[in-house]
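Below is one structure, written out as structure tokens; the observations come after it.
The values are calculated or read from the model by the stated rules, or taken from the named source; none is laboratory data. Note that the coordinates shown come from a computational prediction; the quantities given were computed from them, not determined experimentally. Neighbour counts run over all protein chains shown; Cβ positions are idealised from the backbone, glycine included.
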Amino acid sequence: MTRVLIVSDSHGFKLELKKLAEQYEGKVDAMIHCGDSELGYNAKPMAYFDQKVTGNCDYDSDYPDEAVFTVGNLTYFVAHGHMHQVKTSLDPISYRASEHGAHIVCHGHSHLAHATKRGDQLIINPGSIRLPRGRQEETYAILTSSDNEINVHFYQLDGHEVEDLAMTIQL
């Protein structure tokens, strides 16, 4: 079984991001930040994240635009989404991820927390831990996978689960 922390759009929340990363350190197989941290690539809280990409509000040129990597038996594609027009359609980011054979697509930008199954992909936006849109909860996501079952759960910074956003799928 693998577990992955997915965070996005923390917009300068340095202390909160550090606490969240420390809470999951050693308890997850990977930590992903989908951009708009507004922190330097090597800033203390960002050092916890195995995979991190640039967002439209990030200034540090050390961040890559995209990341592709494998955790367990799943390939992940991570991009902030501003270059893939995610506020309009998930088609461009889904297509780009499929070019890399990705099963899991992680993005931010819209600040709208969701998990959407699309063909053989699971597209996840963890929401924002600082400036949520569409709902009041400031959220992040935990993805758990075992064999071909994937569970995505969304949580508030205080640890309470946002149950209506949860999703379980078979890939």
Note to self: Being modelled with pLDDT of 95 or more, buried (at least 16 other Cβ atoms within 10 Å of the Cβ), among the hydroxyl-bearing types (S, T, Y) and part of a loop (DSSP other than H, G, I, E, B): is that true of S128 here?
What the structure shows: yes
Note to self: For the range 72-95, give me each residue that is without any contact (Cβ under 8 Å) to a residue 24 or more places away in the chain and not β-branched (V, I, T).
What the structure shows: M83, H84, Q85, K87, S89, D91, P92, Y95
Check: Is there any pair linking a residue in the range 157-171 that is modelled with pLDDT of 95 or more to one that is in a loop (DSSP other than H, G, I, E, B), with Cβ under 7 Å and at least six apart or on different chains, and which?
Finding: V162/E137; L165/A113
Check: What is the one condition in (1) on the phi > 0 side of the Ramachandran plot; (2) without any contact (Cβ under 8 Å) to a residue 24 or more places away in the chain that E38 does not satisfy?
Finding: (2)
Note to self: Cβ-Cβ distance below 6 Å, separation of 6 or more or different chains: which pairs start in the range 51-71 with a residue that is closer than 16 Å to L5 by Cβ and among the small types (G, A, S) and end on one that is modelled with pLDDT of 95 or more and not in a loop (DSSP other than H, G, I, E, B)?
What the structure shows: A67/Q51; A67/V78
Notebook entry, point to check: Can you name the number of the only condition in (1) modelled with pLDDT under 95; (2) closer than 20 Å to D147 by Cα that K117 fails?
Noted result: (1)
Margin query: All but one of (1) surrounded by fewer than 21 Cβ atoms within 10 Å (Cβ to Cβ); (2) in contact with an Asp or Glu (Cβ under 7 Å, 6 or more places away or on another chain); (3) not polar (S, T, N, Q) hold for A79; state the number of the condition that does not hold.
Written below: (1)
Next item on the list: Give the range 38-67 a look and list any residue that's over 16 Å from N125 (Cα atoms) and either hydrophobic (A, V, I, L, M, F, W, C) or within 13 Å of the chain's Cα centre (by Cα) (or both), or say none.
Entry: L39, A43, M46, A47, F49, D50, C57
Next item on the list: Give the range 82-91 a look and list any residue that's surrounded by fewer than 19 Cβ atoms within 10 Å (Cβ to Cβ) and farther than 28 Å from S146 by Cα, or say none.
Entry: M83, Q85, K87, T88, S89
Next item on the list: Please go through the range 9-29 and pick out each residue that is buried (at least 19 other Cβ atoms within 10 Å of the Cβ) and either under 15 Å from the mean Cα position of the chain (by Cα) or basic (K, R) (or both).
Entry: D9, S10, L17, L20, A21, V28
Checklist line | Single unsatisfied condition, K52 versus (1) out of contact with any Phe, Trp or Tyr (no Cβ under 7 Å at 6 or more places or on another chain); (2) closer than 19 Å to V105 by Cβ; (3) not small (G, A, S) | finding: (1)
Checklist line | Criterion (free of Cβ contacts under 8 Å to residues at least 24 places away in the same chain and out of contact with any helix residue (DSSP H, G or I) (no Cβ under 7 Å at 6 or more places or on another chain)) met by exactly one of S98, S128 | finding: S98
